[in-house]
Amino acid sequence: KRCDLRSISTMTKPSAKTPSSAEKVVFVTVGSTLFDRLIEVMTSEEMLNLLKSLGYTTLIMQYGKGNVIPDSSHLPDFAKLSSIIRIESYRFKPTLLDDMARADLIISH
């Protein structure tokens, strides 16, 4: 199944950040489960270019128990992908509140 990438531009929330903030963040979370397809789509070159065209500068992904790990050790083209926008990822943290507060767009399932 293919994701409709065009719908993302309509899902952004009003930002509490000042207009001078250079960082525009997308936060993707799967919680304590796994959703490898979501992580695969979010790290696709097509998606990263779309996010960049919408002004996003950083993609933060919480990938839970997933097998798709979005980092340089697991994605062969990570250097190329992370040159499009900054990519941060982790399996779990004690709380997601800081990442949620930092985000301009939150994607979850």
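The values are calculated or read from the model by the stated rules, or taken from the named source; none is laboratory data. None of these values were measured; they are calculated from a predicted model. Quick reminder, even Gly has a Cβ in these numbers, built from the backbone with ideal geometry, and neighbours come from all protein chains shown. What goes into the accessible areas is simple: the full protein's heavy atoms, side chains included, and nothing from ligands, DNA or RNA. Shrake-Rupley method; radii C 1.70, N 1.55, O 1.52, S 1.80 Å.
Using a 1.4 angstrom probe on the protein heavy atoms only, line up D77, D104 by accessible area, largest first.
From most accessible down to least: D77, D104.
Modelling each spin label as a point 7 Å along the Cα-to-Cβ direction, I'd like the D71/L97 distance in nm, to one decimal.
Calculated label separation equals 2.5 nm.
Where Lys and Arg each count +1 and Asp and Glu each count -1, what net charge lies around R91 among other residues with Cβ under 11 Å from its Cβ?
Computed value for this residue: +1.
Using the Cβ atoms and a cut-off under 13 Å, what net charge is assigned to the surroundings of S32, where Lys and Arg are +1 and Asp and Glu are -1?
Neighbourhood net charge equals +3.
What net charge is computed for the residues neighbouring D71, neighbours being all others with C-beta under 11 Å from the C-beta of D71, Lys and Arg scored +1, Asp and Glu -1?
Counting the neighbours of D71, the net charge comes to 0.
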